[in-house]
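So the structure is just underneath, and the comments pick up after that.
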Ligand code: PEP
């Protein structure tokens, strides 16, 4: 029995329409695994629709981001409470597409994670280095600084970390298992919470069936955050099946 149950999470990013609800049926039809936690994070516009398709199912629903604020005058933002209200149990915060594309700092990510925890959601905090950091030999230092800045003090042991090297996201170039394992072990060793051995650390960055097995076999890799490959229900189901 592994200490940590694997989690395979799909991040649909800004993809999907109401007509894509059929994804759920295709995905369930292709699933054979039972020892893995499964999470789907479609865009906010589809959360309610997906919540109606997944009632009582073993597939959890998550948001892709949340506001650090509880409610109020924040046009365009979505609070953690709203995500909870629509049926989410998880929320991704600090994805590199938000850190880089929207200028989000680790301090903001920490506040977002805190807001999620206060609403009873599990935040998945994303951290990862740029290619220049890796090439300059400072990947671990960079990622551990993001970790220290992004994790709220209260409730640290309730959350999930996703290590996503930015150079591997959407590029087709995944980190190798040794590279990823080295980083995951460093994150676990530096974990500020009490339950270091219970912490789930996902790998993200061009995960697909061809590279997933070797990554998921690493002792400190507890699952995957999957972007592009989660859009195809059969491919995503293969990833879940081979993680169990
Ligand atoms: C992601 O968006 O978190 C991600 C890892 O994307 P991809 O799997 O497409 O690289």
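The values are calculated or read from the model by the stated rules, or taken from the named source; none is laboratory data. As the structure is a computational prediction, the values presented were derived from the model and not from experiment. Virtual Cβ from ideal backbone geometry, glycine too; neighbours counted across all protein chains shown.
Listing for the model above:
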{"read-out": "Set 168, 229: member being within 24 Å of residue 41 (Cα to Cα), at pLDDT 95 or above, in contact with a helix residue (DSSP H, G or I) (Cβ under 8 Å, 6 or more places away or on another chain) and within 14 Å of the ligand (Cβ to nearest atom)", "value": "229"}
{"read-out": "Some residue of the range 188-201 being touching a helix residue (DSSP H, G or I) at 6+ places or on another chain (Cβ under 6 Å), within 15 Å of the ligand (Cβ to nearest atom) and more than 14 Å from residue 151 (Cβ to Cβ)", "value": "no"}
{"read-out": "Matching helices (runs of 4 or more DSSP H) fully within the range 1-116 where at least 1 residues are in contact (Cβ under 8 Å) with a residue 40 or more places away in the chain, over 16 Å from the mean Cα position of the chain (by Cα) and within 21 Å of residue 241 (Cα to Cα)", "value": "22-30"}
{"read-out": "Residue 129 within 20 Å of residue 191 (Cβ to Cβ) and part of a loop (DSSP other than H, G, I, E, B)", "value": "yes"}
{"read-out": "Subset of the range 171-184 (residues that are loosely packed, with under 14 Cβ neighbours inside 10 Å and away from the ligand (no atom under 16 Å from the Cβ))", "value": "178"}
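Conditions (1) out of contact with any helix residue (DSSP H, G or I) (no Cβ under 8 Å at 6 or more places or on another chain); (2) within 16 Å of the ligand (Cβ to nearest atom); (3) closer than 27 Å to residue 26 by Cα; (4) in contact (Cβ under 8 Å) with a residue 40 or more places away in the chain, marked per residue:
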site	(1), (2), (3), (4)
186	no, no, no, yes
220	no, no, no, no
235	no, yes, yes, no
244	yes, no, yes, yes
